[in-house]
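What follows is calculated from the coordinates using simple rules that are stated; it is not laboratory data. The shown structure was predicted, so the numbers you read here are calculated from the model rather than taken from an experiment. Quick reminder, even Gly has a Cβ in these numbers, built from the backbone with ideal geometry, and neighbours come from all protein chains shown.
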Amino acid sequence: MKLTNFIDGNWQEVGEVEYTAVLNPANGEHLAEVRMSTKEDVSLAVAAAVNAQKKWALVPAPKRADYLYEIGRLMKEKKEHLAQVLTKEMGKVIEEGRGEVQEGIDMAYYMAGEGRRLFGETTPSELADKFAMSVRAPIGVVGLITPWNFPVAIATWKSFPAIVAGNTFIWKPATETPMMAYEMAKIFDEAGLPAGVANIVFGSGSEVGTALIEHQDVKVISFTGSTETGRKVAELGGRHLKKVSLEMGGKNAVIVMEDADLSLAVEGILWSAFGTAGQRCTACSRVIVHKDVKKELEKMLLEQMESLTIGDGLDESVKIGPVINKQALEKIHSYTKIGQEEGANLLVGGNILNEGDLEKGFYYAPTLFTNVTPTMRIAQEEIFGPVVSLIEVSSLEEAIEVNNGVKFGLSSSIFSKDVNKIFRAQRDLDTGIVYVNAGTTGAEIHLPFGGTKGTGNGHRDSGVAALDVYTEWKSIYVDFSGKLQRAQIDTE
Ligand code: UN1
């Protein structure tokens, strides 16, 4: 199957362009081929989006929302099929595939509700017989660049608020996971979304991403991916005076205090560190543990890690699937070597798994390092794989300092039963998301999602905060006094 672009409600002709193979990371199976689009393809998509946006902006917001209800309904109807496609192209276990599709459905219904709110503000004027209000206005055409680790959910976080607010979009999914975008294009079409509102252009960041950022008719760029690429997006976007919303890496920690429920903490750590094979930007990759419970926690983690089943995510009994590709596998493995060279203690894992059924896929053993110090590279850099570093501390203050001593600030968590410790931690942990007595993953779509420091640039996906990315505030003054009144002058 050849996946080609969805522009102005049509599938683009296959034509004389390059196509790249889409492989199943669980077994190397050839799933499809995806178009490596050109700058010209981007221009076509932008032209369609510009044209459609003029009419789309005039559709009343509750009517725009009706399309989202229908998109949500169709996603729900096709949930199992979508989850299967997702697991095949991305590798996450099927239970998580279903969970991710559910995240998209939730986003559709939540943002559809915004169609009947999209609240503005009325504010008293300083002059008599004058009415003042601010409304959220659409911005125009937006460019969405999304990663392979959440091939559908992240796209819904961006595209659904964009369209309910009256924008049209061009979505460039990751080259590794285009099949979910293809499925979503079919859903947009089936939901009857007017042509040109939703456009999908496949291809590389260097060609398609750059063309989107540089195009003068694309007003907003929303990007989720690595900090390295995000920086380039911001630089280029800045040069073109674009509004750029960035969602980047994490080095998220679970803090386990001496009074914590250790069994619960172990469950939280396992789920958030090894779920999605550690390939979430919210994944736990550090455990900051109080010295009094360190030995016990280590023992419990080790026991549980041995029972984790690894394999093809389509098998319902499997808990951990493959990582996305060979390059990722090699990067993860290089961090194991770095950790060993730095003098950390490799307690379990640390190897590529390629025997028997795992031979053709990209599997890495869940890995735990102990005796890690906060400044080691394995405790500072994002590994994006199933590798966890255990760091010992003597107090809550030290735990918070270690948590905050990295260049990222996405998610953090504390396990404790002490209400004073919990409230102090939620205030002082320098991350956009804080969990209490839960792991670092599992953000819900109706709350803002994003982080501080190297994780972002102040914007948020999801929640009502997402509307700030896709709307412009417009202030409107209506003077019904029948005479010229002058603000700041006639008020004295
Ligand atoms: C990501 O890894 O980029 O909070 C997104 C979570 C998921 C989303 C993760 N709901 O873990």
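Report, in degrees rounded to the nearest 10, the 0 to 90 angle that the Cα long axis of helix 227-239 makes with the longest principal axis of the chain.
Roughly 20 degrees, rounded to the nearest 10.
Under 13 Å from the Cβ of residue 443, count the other residues' Cβ atoms, weight Lys and Arg +1, Asp and Glu -1, and hand me the total.
On the way: positive: 280, 460; negative: 100, 103, 106, 247, 444, 461.
Once positives and negatives cancel, what remains is -4.
Around residue 241, what is the net charge, scoring Lys/Arg as +1 and Asp/Glu as -1 over all other residues with Cβ under 15 Å from its Cβ?
So the surrounding residues net to 0.
Quick one: angle between helix 419-428 and the longest Cα principal axis of the chain, in degrees between 0 and 90, rounded to 10, please.
Between helix and principal axis, roughly 60 degrees.
Of all beta bridges DSSP finds with both residues in the chain, what is the antiparallel percent, to the nearest 5?
About 40 percent, rounded to the nearest 5.
Going by C-beta contacts inside 10 Å, put 477, 363, 110 in order with the fewest on the left.
477, 110, 363
Within straight cross-link reach of residue 360, meaning Cα distance under 24 Å, which lysines are found once same-chain residues fewer than 8 apart are removed?
2, 88, 92, 319, 326, 331, 337
What percent do you get for the relative contact order of segment 252-436 when only Cα pairs under 8 Å and 6+ apart count?
28 percent
Tally Lys/Arg at +1 and Asp/Glu at -1 over every other residue whose Cβ is under 12 Å from the Cβ of residue 487; what's the total?
Result for the neighbourhood of residue 487: -2.
For the chain, what is the charge dipole size about the Cα centre, in debye to the nearest 20, if Lys and Arg each add +1 at the Cβ and Asp and Glu each add -1 at the Cβ?
Working: 50 positive and 66 negative charges, 255 e Å.
Approximately 1220 debye in magnitude.
Between rounded, prolate and oblate, where does segment 252-436 land on the alpha carbon gyration tensor, with a ≥ b ≥ c its root eigenvalues, rounded for a/c under 1.5, else prolate if a/b exceeds b/c?
On the way: a/c = 1.82, a/b = 1.63, b/c = 1.12.
Prolate shape, in that a/c is at least 1.5 and a/b is the bigger ratio.
So which GluC sites (Glu not before Pro) in segment 289-337 are both in a DSSP loop and have at most 10 other Cβ atoms within 10 Å of their Cβ?
Details: sites: 296, 298, 303, 306, 316, 330; in loops: 316.
Answer by residue number: 316.
Only four residue types carry charge here, +1 at the Cβ of Lys and Arg and -1 at the Cβ of Asp and Glu. Report the dipole size of segment 252-436 about the Cα centre in Debye, rounded to the nearest 20.
400 debye
Which order results if 314, 484, 447 are arranged by neighbouring Cβ count within 10 Å, fewest first?
On the way: 314 18, 484 7, 447 13.
Ascending number of Cβ neighbours within 10 Å: 484, 447, 314.
Using the Cα gyration tensor of the chain, with a ≥ b ≥ c the square roots of its eigenvalues, what is the shape: rounded (a/c below 1.5), prolate (a/b larger than b/c) or oblate (neither)?
Taking the square roots of the gyration eigenvalues as a ≥ b ≥ c, the chain is oblate.
So if I place +1 on the C-beta of Lys and Arg and -1 on the C-beta of Asp and Glu, and nothing else carries charge, what would the dipole magnitude of segment 147-238 be about its Cα centre? I want it in debye, nearest 20. Don't skip to the answer; put the middle values down first.
Values: 6 positive and 9 negative charges, 40 e Å.
Around 200 debye, computed over segment 147-238.
How would 305, 133, 376, 90 line up from fewest to most surrounding beta-carbon atoms within 10 angstrom?
Working: 305 22, 133 14, 376 19, 90 29.
Listing 305, 133, 376, 90 from fewest to most nearby Cβ atoms yields 133, 376, 305, 90.
Of 54/76; 299/453; 172/474; 39/243; 291/453, which pairs sit farther than 24 Å apart, going by alpha carbon to alpha carbon?
From 54/76; 299/453; 172/474; 39/243; 291/453, over 24 Å: 54/76; 299/453; 172/474; 291/453.
Can you tell me the 0 to 90 degree angle between the C-alpha axis of helix 61-77 and the longest principal axis of the chain, rounded to 10?
Relative to the chain, helix 61-77 is tipped by roughly 30 degrees.
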